[in-house]
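The structure under discussion appears below in the form of structure tokens.
The values are calculated or read from the model by the stated rules, or taken from the named source; none is laboratory data. If you're wondering where the values come from, they're calculated on a predicted model, not measured in any experiment. Please note: Cβ atoms are built from the backbone with ideal geometry, for glycine as well, and neighbour counts cover all protein chains shown. The accessibility values were calculated without ligands, DNA or RNA, using every heavy atom of the protein model including side chains. Shrake-Rupley method; radii C 1.70, N 1.55, O 1.52, S 1.80 Å.
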Amino acid sequence: MHEEAHFVLVLDGGYMSSAVGAPLVSDTPILIYNPPGTSHQDRFHGGKWRFLAISGGTGAEAAALCLRDPYAHRLAQGVADQINVTTPLALEACALQLHGLVTPLSSDEARKAKTPPAWLSRAVEMIFLSDNPEITVAQVTAEAGIHPVHLARVFQRYLGCSPGEYLRGHRLERAATMLGRRLITRRTRCGRR
């Protein structure tokens, strides 16, 4: 039994799952969500297999579920593809977005969804001004005073990206600006304009 909610992204091999909506044996990439406290007896069929487990959070209290949402698959596959090459913030943001997909909006959240919350500008500013490559979602949420899953959900709703994607885009813009300044300085030193 798992105390925390978790996702299982099957990358290779036949996966046998008791999740609602899952085929008896899946030989294709499949994403399973297991809420906290889930006891399951899922297993792999055959000899060769690979998977990624994404754990954490309280999640929705429900039965295990086979997620067919292409956005959820893209998020989970993004974590698998980038796990060794991207920032902790980007990985954490993708995991939180996954949890946001299975956590229903409260009636208060649904009512407020029409206008961006005031804390969003503080969170964006914190990420925008950060020079720390190891900034985490936890640091941003502590500053904004909100839950990490809520941050990921609101970022996606109003900015069309995850907090990690926003940070990567900002870093690329900053790097391009620095390269442009170096090029101008080098041309000026060489007498070229």
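Would you please name the residue that is most open to solvent (accessible area, probe 1.4 Å), looking only at residues in the stretch 76-104 that are more than 21 Å from Pro29 (Cα to Cα) and of a type in the set (A, V, I, L, M)? So the residue we want is Val85. Against the numbered list (1) part of a helix (DSSP H, G or I); (2) at pLDDT 75 or above, Gly13 comes up short only at (1).
Which residue is modelled with the highest pLDDT, if the candidates are limited to the stretch 45-60 and must be farther than 18 Å from Ala22 by Cβ and over 20 Å from the mean Cα position of the chain (by Cα)?
Among residues in the stretch 45-60 that are farther than 18 Å from Ala22 by Cβ and over 20 Å from the mean Cα position of the chain (by Cα), the one modelled with the highest pLDDT is Lys48.
If you go through the stretch 118-138 and pick out every residue that is touching a residue at least 12 places away in the same chain (Cβ under 8 Å), open to solvent by 80 Å² or more (accessible area, probe 1.4 Å) and not in a loop (DSSP other than H, G, I, E, B), you end up with 2.
Confirm whether Leu159 is closer than 25 Å to Gln77 by Cα, surrounded by 13 or more Cβ atoms within 10 Å (Cβ to Cβ) and modelled with pLDDT of 80 or more. No, not satisfied. Taking residues in the stretch 36-65 that are of a type in the set (Lys, Arg), and partners anywhere that are at pLDDT 70 or above, the pairs with Cβ atoms closer than 6 Å and at least 6 places apart or on different chains are Arg43/Met16; Lys48/Gly13; Arg50/Leu11; Arg50/Asp12.
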